[in-house]
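> Before I ask anything, here is the structure I am working with.
Here, each number is a calculation from the coordinates, and none is a lab measurement. Worth saying up front: this structure is predicted, and the values here are computed from it rather than measured. We place every Cβ from the backbone using ideal geometry, glycine too, and count neighbours over all the protein chains shown.
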Amino acid sequence: MCKTPFLAATFLTLAILTFPSYAQDKKETPIKPAASPSEAVLGSWNDVGRKLVAMAEDFPEDKYDFKPTPAQRSFAEQLLHAAGANYFFTDPAMGKKMPAEEDPKRDQYKTKADIVAFVKKSFADGAAAIKAKGDKGMSDLLVDPFAHQRVRVSDMAYGLIEHNGEHYGQLVGYYRMSGLVPPESRPKK
């Protein structure tokens, strides 16, 4: 006697009977509303900031001046560049003059603690600017100093978020070349 048709019919019956209860469970969970424009920008800003702060805090201080090649920035210089660039968004968004320099100098930030504090502050200042602008302010216009054109506040913020993401990726390489695993790549507890 062939049991295959009987087993197939049994499995099909079970699938049909359990599907409606699975579908009901899904319907009972309400769908979250979309984030507002400023909430979306703030979420992305804080996420990349969290990653760079975690790296700044985690990377060994004795490796802060590591460079993969002599022509590249050191780990510390990468963090200073990324954090310093945030002020090309934050300052104009808050009605201030653009920063005079693109990259803060390493000799201004002598220790790991100095750099960590600067990275944290740059992201906190950016988050405060986004919150101060709110949803309505995301459409305000600024002048992008690099493109020399008018852009919306949200577009300028997203540009810096993307810029920070690029430097995050570069710093992952610094971790790997140093024989370390970046915080985001470690198993979650």
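> Return a yes/no flag: does the stretch 65-86 have any residue that is without any contact (Cβ under 8 Å) to a residue 24 or more places away in the chain, farther than 30 Å from Val181 by Cβ, surrounded by 14 or more Cβ atoms within 10 Å (Cβ to Cβ) and touching a helix residue (DSSP H, G or I) at 6+ places or on another chain (Cβ under 8 Å).
So far as the stretch 65-86 goes, no, none of its residues is without any contact (Cβ under 8 Å) to a residue 24 or more places away in the chain, farther than 30 Å from Val181 by Cβ, surrounded by 14 or more Cβ atoms within 10 Å (Cβ to Cβ) and touching a helix residue (DSSP H, G or I) at 6+ places or on another chain (Cβ under 8 Å).
> Only one of Lys110, Lys133 is loosely packed, with under 13 Cβ neighbours inside 10 Å and out of contact with any Pro (no Cβ under 7 Å at 6 or more places or on another chain). Can you tell me which?
Lys110
> Can you work out which of the residues in the stretch 146-189 that are in contact with a strand residue (DSSP E or B) (Cβ under 7 Å, 6 or more places away or on another chain) and touching a residue at least 60 places away in the same chain (Cβ under 8 Å) is surrounded by the fewest Cβ atoms within 10 Å (Cβ to Cβ)?
Ranking the candidates gives Val153 first.
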